[in-house]
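Contents: one structure, followed by commentary.
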Amino acid sequence: MSEPLRYDLRLRLFRGRKSFGPGVAELLHGVEARGSIRAACRDMGMAYSKAWKILKHSEEDLGFALLQREAGGSGGGKAVLTPEGRELLNRYDTFVRKVQKEADRIYEECFSIYESGGNSE
């Protein structure tokens, strides 16, 4: 039997360029869980320099800081979400959940015929 048909939906927020999307959200969730940008990057397999670049561009486009950072010493740096970063992440997560739920419904409506192996409605 062949793999089931599926779809992929990635939601991004824009101003002039991509400001916020699944990668930034995953990074922020990782920082929230681990308390460190470097630890979140390790978990994601992302270069630390790439994370800084992504965060910098996102914060520039959004017009506010996503993270409050403390420079590392011998024990390493710390980072926490700013109130604005937390609010945006919560709203983005809610938006993604709601759009995904509706997209799943529409997908089922349009493509369920392919799940059963049939060829008519």
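Reported to the nearest whole Å, the Cα centre-to-centre distance from region 22-45 to region 1-16 is 22. Largest mean-square fluctuation among 103, 79, 40, in a Gaussian network model of the chain whose springs join Cα atoms under 10 Å apart, belongs to 103.
Annotation: lysines with alpha-carbon distance below 27 angstrom to residue 56 (same-chain offsets under eight excluded): 18, 78. Counting only protein heavy atoms and a 1.4 Å probe, the chain has 70 square angstrom of accessible area per residue. Given the choices (i) 36, 17, 12; (ii) 34, 17, 12; (iii) 27, 17, 12, semi-axes √(5λ) of the Cα gyration tensor in Å derived from the coordinates of this structure is entry (i). For 110, 41, the ranking by accessible surface with the largest value first comes to 110, 41, using a 1.4 Å probe.
Whenever you get a sec, compute what percent of the accessible area on the chain sits on carbon and sulfur atoms (1.4 Å probe). Answer for the chain is 52 percent, counting heavy atoms of protein chains only.
The values are calculated or read from the model by the stated rules, or taken from the named source; none is laboratory data. Remember, predicted model here, so these are calculated numbers, not experimental data. Heads up: the accessible areas ignore ligands, DNA and RNA and are worked out on the full protein's heavy atoms, side chains in. Shrake-Rupley method; radii C 1.70, N 1.55, O 1.52, S 1.80 Å.
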